[in-house]
Amino acid sequence: MAISFSFTPDATRNFATRAFAAPPRDAETQLLQEARAGSRVAQGVLLERYRERVTNLAYSLLHSRDDAEDAAQEAFAQAFSSLQSFRGEASFWTWLYRITLNLCLHRKRRSKENCESFDDHELPAHGDAEAEAIARLTVSRTLDALPETLRVALILREMQGLSYEEIARVLAIPEGTVRSRLHEARRRFRELWEDES
Amino acid sequence: MQKLSPTCREYSRDLESYADGELSQARRRDLENHLALCKSCDARLRKIEKNCAIAKSVLGSFPRIAPRPDFDLRVLAKVAARQQSPLLNFCDRLDAVFSRPLPKLLGSSFSGILFGLVLVAAFLPRVAAPNEATPKSAATPDFVAGTIPTRADSSFYAFGRIPNEAALLRQFAGEEKKRRSRRPSVKKEPLWNADISVSPHSSSRGSLC
């Protein structure tokens, strides 16, 4: 079965090519101090800054809008509740990404144990939307066929647009390992994708 | 698989970074010089570039979602709930730790071993070394290795875990007695009552008739 892969063009189409510009460290340190003290305004600023990225990271891992939003909210709640233990050795977004990744992978493992499938109820009934949803499911299935370590590296690179250095910091692994994981992940992804389509 | 020369092996590590645009300018120039001369490395780079292009085109156009308008409110509500219940925080962390493969394996093996030990402790009688001078208590006598507890040692039976064991034993004993009494009694003639005659032709040994 040949699957044509074309999503409707929108403003956010090539999001992965946009570099992730982390805010200046000093300004963020001040913001974090205020958030740690319980300032709702500071927490609101952090939320506004990162909510879209965190939600989309969760979405690329979980492939379900509801699950992704819930996981992203949980990640922010965990981060804000444990700000006291955040020592500032890594940047806030690296830490937040790590929390989100762990939460999503935890959910994913659980749903695998419970043999839950994709969000089939999100499939629209007719037309282009249906084709688009099928294409999305095919991508999700292909990604899920990859081992967890390779999948995460590939998502962070191709869907989140992180550099090797940033991926290394989020996953706490050397850059050489990132490179070899990406190489293997792309090779396997291509094989699986060609099999699917 | 084709064996690489040491030079090619060194450059092959950089191919992925080169295709990704992650290589420093100096290293990039070196690699390009090598690629101009080495056909096999060039072919490998084409393959890697193809893999990159497919991953980029498929995953790069995966749709994005915008968080719902009540996202911030929900997060702040969750933070407030956590502040009210520190136990929730702790349970979440514990849950997250034990969902990972290695801690999960260790946790389940540890609990399995613990369960096994509890079973062994519950169902096996305590065995003491024969030379060990253990004080015998009247309620629970020790089962000394090499000796079989006798019926007279009534407290041993009291140690049993079957409810109403003493009553059951009495019942079994009564049934056995009845069974024995019902069995027709066969009078066994002792061997020495048999008629033994000594024939004059036989030797001094007697023969049974």
Examine the range A:83-90 for a residue that is under 14 Å from A:Leu31 (Cα atoms) and in contact with a Ser or Thr (Cβ under 9 Å, 6 or more places away or on another chain), and state whether such a residue exists.
yes
What is the residue count in the range A:169-195 for residues that are aliphatic (A, V, I, L, M), more than 11 Å from every other protein chain (Cβ to nearest Cβ) and crowded, with 17+ Cβ neighbours inside 10 Å?
2
Expected single match for at pLDDT below 90, of a type in the set (A, V, I, L, M), within 17 Å of the chain's Cα centre (by Cα) and closer than 30 Å to A:Lys112 by Cβ among A:Ala90, A:Ala16, A:Ala68 is A:Ala16
Can you spot a residue in the range A:141-150 that is part of a helix (DSSP H, G or I), buried (at least 20 other Cβ atoms within 10 Å of the Cβ) and either among the polar types (S, T, N, Q) or modelled with pLDDT under 85 (or both)?
yes
Residue count, the range B:9-35 (criterion: more than 21 Å from A:Arg186 (Cα to Cα) and either in a helix (DSSP H, G or I) or among the charged types (D, E, K, R) (or both)):
11
Sort out which residues of the range A:81-97 are touching a Leu at 6+ places or on another chain (Cβ under 8 Å) and under 20 Å from B:Pro67 (Cβ atoms), and write them in order of number.
A:Phe92, A:Tyr97
Filtering the range A:47-90 down to residues that are among the basic types (Lys, Arg) and within 9 Å of chain B (Cβ to nearest Cβ), which residue is surrounded by the most Cβ atoms within 10 Å (Cβ to Cβ)?
A:Arg51
So, in the range B:39-86, of the ones that are outside any helix (DSSP H, G or I) and among the hydrophobic types (A, V, I, L, M, F, W, C), which residue ends up surrounded by the most Cβ atoms within 10 Å (Cβ to Cβ)?
B:Phe62
Among the residues of the range B:32-77, which ones are more than 9 Å from chain A (Cβ to nearest Cβ) and basic (Lys, Arg)?
B:Lys39, B:Arg44, B:Arg46
Could you list all residues from the range B:5-29 that are touching a residue at least 12 places away in the same chain (Cβ under 8 Å) and away from every other protein chain (no Cβ under 12 Å)?
B:Thr7, B:Cys8, B:Tyr11, B:Arg27
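The values are calculated or read from the model by the stated rules, or taken from the named source; none is laboratory data. Here the structure is a predicted model, which is why all the values come from computation and not from measurement. Cβ: placed from backbone, ideal geometry, glycine included. Neighbour counts: every protein chain shown.
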